[in-house]
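Each remark here refers to the structure printed beneath this line.
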Amino acid sequence: MSVTNQLPQTTYTLNITSRGQLNAMSFEELSKYRKELDEDLSFLFSYLKNTLHADMDTPLLSGDGFPRSDIDIVQVRLCRVKIIKLQNDYKWISETLLDKMQQQLAKND
């Protein structure tokens, strides 16, 4: 049995490996990536809810401990993983943007 990722493609393509990578980017680049993340996260949450009929807290097991048959558990898990990764990137980008704004304000004082 092979598991394929059937999740729709999203626009965000940055692969963040370190904070140094973010610090080297301009404010405009970071803002662009953060906007893409906003759109992709909104899309994935909608896809999770409307297509997969689940959310981030939906139990994947029935009351007696067996995998639920009414939802596609593999796709729900793949979607959740992608959302969590994007949320982590969003947090790092937001923190870096805040640092850059504070640095710019300090220079202007």
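Rounded to the nearest 500, the helix-only mean residue ellipticity at 222 nm of the chain stands at -21000 deg cm²/dmol, with each DSSP H run of n ≥ 4 adding -39,500 (n - 2.57).
Overall, the chain carries a charge dipole of about 200 debye about its Cα centre when +1 sits on the Cβ of Lys and Arg and -1 on the Cβ of Asp and Glu, all other atoms neutral. Could you point to the residue in Ala24, Ile73, Tyr90 farthest towards the positive end of the chain's charge dipole, with +1 and -1 charges on the Cβ of Lys/Arg and Asp/Glu respectively? Among Ala24, Ile73, Tyr90, the one farthest towards the positive end of the dipole of the chain is Ala24. Straight-line cross-link partners of Lys49 among the lysines, defined as a Cα under 27 Å from its Cα and at least 8 positions apart when in the same chain: Lys32, Lys35, Lys82, Lys85, Lys91.
Read the figures in this text as sums done on the coordinates, not as results from a lab. All values derive from a computational prediction rather than experimental measurement. No Cβ is skipped: glycine too gets one built from the backbone with ideal geometry, and neighbour counts run over all protein chains shown.
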